[in-house]
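Undergrad: Please see the structure below; I have some questions.
The values are calculated or read from the model by the stated rules, or taken from the named source; none is laboratory data. Only a predicted model underlies this, so the values are computations on that prediction, with no experimental measurement involved. Backbone-built Cβ (ideal geometry, glycine too); neighbour counts: all protein chains shown. Just so you know, the surface numbers come from the protein's heavy atoms only, side chains and all, with ligands and any DNA or RNA stripped out. Shrake-Rupley method; radii C 1.70, N 1.55, O 1.52, S 1.80 Å.
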Amino acid sequence: MKRISSYILFLFVFLSSCFNIFTDEGMYPLSEIYKLDLKSKGFQINAKELYNPDGISLVDGIINLSGCTALFVSSDGLILTNYHCAFRAIQGVTTKERDYMHSGFLAKNRSEELQAKGYTLRIIESYKDVSREVLSAVRRKMSFVEQTKAIEKKIKKIVVRTEKKHPGKRAEVAEMFKGKTYVLFIYTYIKDVRLVYSPPRSIGEFGGEIDNWMWPRHTGDFSFMRAYVSPYGKSADYSLENVPFHPKKYIKIAPQGVNKGDFVFMLGYPGRTYRHSTSYFFSFEENVRMPYVVELYKKMISIMEKMSKKGRSIAIKLAPRIRGLSNAEKNYRGKLKGMKRLNLVKKRREEEKMLQNFINADKRHKHRYGHILNKICDIYIEKRIYAEYDQVMKYLLRNSNLLNLAFKVYKSSIERKKPDTERDSVYMERNFSRTKEFMLLSLKNFHEQTDKIIFKEMLLRAFNLRGNKRIPAVDEIVRNVEPEKAINAYIENSYKLTKIKNRNFLIGLFGKSKEQLDKMGDTFIVLAKNLYPAYKKLKKREKRYKGALDNLLAKLIDVKKQFLGGDFIPDANSTLRLTYGRIKGYSPSDAVYFSPFTTLKGIFEKNTGEIPFSVPQKVLDLYYEKDFGCFKHKDLNDVPVAMLYDMDTTGGNSGSPVFNSKGELVGLNFDRVFEATINDYAWNESYSRSIGVDIRFILWFTQKFGGADYILKEMDIKNI
Ligand code: ASP
């Protein structure tokens, strides 16, 4: 009796953690929206108003902005997103003389709006399940590497075919369940995006890395941009001829905001979650991959921060990278802490034991699924053996700006010779011009002294790999000389002789064949060529892992469904999702409770006059004068700055609109609390809180500090 009741209790806990029936966990894909009982959840709009494939709905106003989320807030293509999502655009137009990072940016009229180089946006048009077609590429006797390649090729074919049929549109096939379900999305695609307004960095990143992933929070993480198309309404590259895009739908603002306990929902593009993953994956992340990345990123950040102190121009160049690495490093630290706190590996292992018992109890199940978990375990054993080597190879090719560029040039000479759908995606016809654009943007941020130090760090790591995991191209550099000396001499020589840091030279390399590149003998291209065989081997191994894991995970999902007696939602994969919840505080630790709103008072309290806690005097003056305009929260008697809610979000949800129950905009999502960094592996109502900037702050700041009344008018904000 006791055994049965503990079994039931365990099953209850297991079900509630894996299957969102007891909590509001859930990033619902479009296909699920019509299955939800929206009214009972708190929505005051119906499914058709959310998503309507045959008409106009909120989804038509939601944007995927280069990996972030954003939304249209006017009929003239005005876009609202996070400051940190627009940061590369702001940095891209910043110089020592015109320091928009420091002062903020305001285009007083349309002609002053500045090109956001490298930015594109997508708006969903339709979606369709293409699992059958994708999986039809797999033949019985294929090796895992062949399987992975066949699926990749099929997906590329579907994409190319679709884009041919719909000129100017963008097609993407998303893997919903690994090795199992694939969905084709067609998007409106816009390539001319411009910067309209951004607050100073001291507001857009108030609190910096100290406050990042934290609550209480006082960051004004918002910016305005605008979408442009050709005079004929077609997607077009940046041109002065272009005109503002008129979206099918723009989002209505609710300047009165929301209150504690109110229902809210969100539409956005969450990047990746891993909630259906195995204990082997979790353990690999916890013990192998993330600790390595944290240690490496810390080192790189400290190198770049030191360099940034040498001058404003250097600081401007290095800012996006420092920001990106610091953000990831702290996120990983949060995850590592959360994994320990929740005992995630152990818990998942117990769940897997239950699942294995279920499988073993039935002969047919045992035959079909009995081996799955052991096989997955074997793959992770092999991955661990290669882990350090793989990380070193990956970051060696990525971390030095010049080597990264040289490697891409060299690789493109090989890839571009293959048929289009057999190339690595970034070298395909549909992507190559953007790949080149990104390479030139990355060269713009090149700083030689920093690059040398980072490159040396990576070469030493590569040389110091243990056992038989050698990289011949690196051994070749060191030969029999003392390693550090040899590497120093090699670096000095390479940077002196290479021409790849010259923009025009780099542009000239794009169309060159392998043979032509060989003949030029540029130092970095020579190294890229020497590293290529090791890279190829690594890629092949990765494709084998993917092929094997896809097979196993597809079956695992099948049997898990049978075990749980129902369906569940696919992990986030950068496709549009709906999530909902309430404005709610939380308790991060014993005797501590955090309420869900912060206000201007908090900015005033935190302000030390030193970055990252230093706001412009004008903000303080407005606060002293209690000049809150019509954006005051009645009970708080102040302007709310940020808010907390229990919606289910992850990276990529940055810039997602927070809606009230009627589908009006009340905030803009930008972060999570430290405890919720673990969301990607396990969501829980008690600690999973995300953070948004309150619409009242956005409007107040844009009007009172930015003096950009025209933006408020354009958004139909009355009585200001
Ligand atoms: N600020 C976050 C990011 O870096 C958003 C999140 O992950 O919740 O993407």
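Undergrad: Criterion first (on the phi < 0 side of the Ramachandran plot and outside any helix (DSSP H, G or I)) does Ala174 satisfy it? I'd like the intermediate steps shown before the answer.
TA: Numbers: on the phi < 0 side of the Ramachandran plot: yes; outside any helix (DSSP H, G or I): yes.
Judged against the criteria, Ala174 is a match.
Undergrad: Is it the case that the range 684-697 has a residue that's farther than 23 Å from Arg577 by Cβ, away from the ligand (no atom under 16 Å from the Cβ) and either touching a residue at least 40 places away in the same chain (Cβ under 8 Å) or open to solvent by less than 10 Å² (accessible area, probe 1.4 Å) (or both)? Before you say what the answer is, go through the steps one by one.
TA: First, the residues of the range 684-697 that are farther than 23 Å from Arg577 by Cβ: 696-697.
Within this subset, residues satisfying the condition of being away from the ligand (no atom under 16 Å from the Cβ) are 696-697.
With the extra rule that they be either touching a residue at least 40 places away in the same chain (Cβ under 8 Å) or open to solvent by less than 10 Å² (accessible area, probe 1.4 Å) (or both), the set shrinks to 696-697.
Yes, the range 684-697 has at least one match.
Undergrad: Go through (1) open to solvent by 10 Å² or more (accessible area, probe 1.4 Å); (2) among the polar types (S, T, N, Q); (3) under 19 Å from Gly692 (Cα atoms) and name the single condition Thr219 misses.
TA: Result: Thr219 fails condition (1) only.
Undergrad: If Phe613 satisfies all but one of (1) under 17 Å from Pro216 (Cβ atoms); (2) crowded, with 19+ Cβ neighbours inside 10 Å, what's the number of the condition it fails?
TA: It fails just one condition, (2).
Undergrad: Check whether at least one residue in the range 411-418 is of a type in the set (Gly, Ala, Ser) and open to solvent by 60 Å² or more (accessible area, probe 1.4 Å), and report yes or no. Steps first, please.
TA: Initial filter on the range 411-418 (of a type in the set (Gly, Ala, Ser)): 412-413.
Keeping just the survivors that are open to solvent by 60 Å² or more (accessible area, probe 1.4 Å) gives none.
No.
Undergrad: Inspect the range 521-543 for any residue being part of a loop (DSSP other than H, G, I, E, B), open to solvent by less than 10 Å² (accessible area, probe 1.4 Å) and under 30 Å from Ile379 (Cβ atoms) and give the result as yes or no. Full working, then the answer.
TA: Applying the first criterion (part of a loop (DSSP other than H, G, I, E, B)) to the range 521-543 yields 521-522.
Checking which are open to solvent by less than 10 Å² (accessible area, probe 1.4 Å) leaves us with none.
No, that holds for no residue.
Undergrad: Can I ask one more? Does the range 256-274 contain any residue that is within 24 Å of the chain's Cα centre (by Cα), in a helix (DSSP H, G or I) and charged (D, E, K, R)? Let's see the steps before the verdict.
TA: First, pick out the residues of the range 256-274 that are within 24 Å of the chain's Cα centre (by Cα): 264-274.
With in a helix (DSSP H, G or I) added as a condition, the list becomes none.
Within the range 256-274 (the criterion being within 24 Å of the chain's Cα centre (by Cα), in a helix (DSSP H, G or I) and charged (D, E, K, R)), the answer is no, since none of the residues qualifies.
Undergrad: For the range 503-520, give me each residue that is assigned to a loop (DSSP other than H, G, I, E, B) and either of a type in the set (S, T, N, Q) or open to solvent by less than 30 Å² (accessible area, probe 1.4 Å) (or both).
TA: Step one: list which residues in the range 503-520 are assigned to a loop (DSSP other than H, G, I, E, B), which gives 510-513.
Phe510, Ser513 - these are the residues of the range 503-520 that are assigned to a loop (DSSP other than H, G, I, E, B) and either of a type in the set (S, T, N, Q) or open to solvent by less than 30 Å² (accessible area, probe 1.4 Å) (or both).
Undergrad: Now for a separate question. Which of the following residues is outside any helix (DSSP H, G or I) and either surrounded by 17 or more Cβ atoms within 10 Å (Cβ to Cβ) or more than 16 Å from the ligand (Cβ to nearest atom) (or both): Lys310, Lys317, Lys299? Show your work before the answer.
TA: Working: Lys317 fails: outside any helix (DSSP H, G or I); Lys299 fails: outside any helix (DSSP H, G or I).
The conditions single out Lys310.
Undergrad: Which members of the range 698-720 meet the condition of being basic (Lys, Arg) and free of Cβ contacts under 8 Å to residues at least 24 places away in the same chain? Break it down stepwise before answering.
TA: First, the residues of the range 698-720 that are basic (Lys, Arg): 704, 713, 718.
Within the range 698-720, Lys713, Lys718 qualify.
Undergrad: Of a type in the set (D, E, K, R) and within 24 Å of Asn445 (Cβ to Cβ): which single residue out of Lys514, Lys537, Lys496, Lys519 fits that description? Even if it seems obvious, please write down each step before you answer.
TA: Details: Lys514 fails: within 24 Å of Asn445 (Cβ to Cβ); Lys537 fails: within 24 Å of Asn445 (Cβ to Cβ); Lys519 fails: within 24 Å of Asn445 (Cβ to Cβ).
Result of the check over Lys514, Lys537, Lys496, Lys519: Lys496.
Undergrad: Output the number of residues of the range 66-83 satisfying the condition of being surrounded by fewer than 24 Cβ atoms within 10 Å (Cβ to Cβ), within 21 Å of Leu712 (Cα to Cα) and within 13 Å of the ligand (Cβ to nearest atom).
TA: Residues in the range 66-83 being surrounded by fewer than 24 Cβ atoms within 10 Å (Cβ to Cβ), within 21 Å of Leu712 (Cα to Cα) and within 13 Å of the ligand (Cβ to nearest atom): 0 in total.
Undergrad: Condition first: surrounded by fewer than 12 Cβ atoms within 10 Å (Cβ to Cβ), touching a residue at least 60 places away in the same chain (Cβ under 8 Å) and either touching a Leu at 6+ places or on another chain (Cβ under 7 Å) or basic (Lys, Arg) (or both). Now tell me which residues in the range 464-502 satisfy that.
TA: Once the filter is applied, which keeps residues that are surrounded by fewer than 12 Cβ atoms within 10 Å (Cβ to Cβ), touching a residue at least 60 places away in the same chain (Cβ under 8 Å) and either touching a Leu at 6+ places or on another chain (Cβ under 7 Å) or basic (Lys, Arg) (or both), the range 464-502 yields only Arg466.
Undergrad: Still on this model: Assess whether Thr219 counts as being within 16 Å of the ligand (Cβ to nearest atom), at pLDDT 95 or above and of a type in the set (Val, Ile, Thr). Can you show your working first?
TA: Working: within 16 Å of the ligand (Cβ to nearest atom): yes; at pLDDT 95 or above: yes; of a type in the set (Val, Ile, Thr): yes.
Against the criterion (within 16 Å of the ligand (Cβ to nearest atom), at pLDDT 95 or above and of a type in the set (Val, Ile, Thr)), Thr219 qualifies.
Undergrad: Of (1) open to solvent by less than 50 Å² (accessible area, probe 1.4 Å); (2) within 21 Å of Leu549 (Cβ to Cβ), Tyr274 satisfies all except one. Which?
TA: (1)
Undergrad: What are the pairs, 6+ residues apart or on separate chains, where a residue within the range 506-524 that is more than 21 Å from Leu396 (Cβ to Cβ) has its Cβ under 6 Å from a residue that is at pLDDT 95 or above and open to solvent by 20 Å² or more (accessible area, probe 1.4 Å)?
TA: If the second residue must be at pLDDT 95 or above and open to solvent by 20 Å² or more (accessible area, probe 1.4 Å), the pairs left are Phe510/Lys436.
Undergrad: Could you list all residues from the range 320-334 that are among the hydrophobic types (A, V, I, L, M, F, W, C) and either outside any helix (DSSP H, G or I) or near the ligand (Cβ under 10 Å from one of its atoms) (or both)? Even if it seems obvious, please write down each step before you answer.
TA: First pass over the range 320-334, keeping only residues among the hydrophobic types (A, V, I, L, M, F, W, C): 322, 325, 328.
Listed by number, the list holds a single entry, Ala328.
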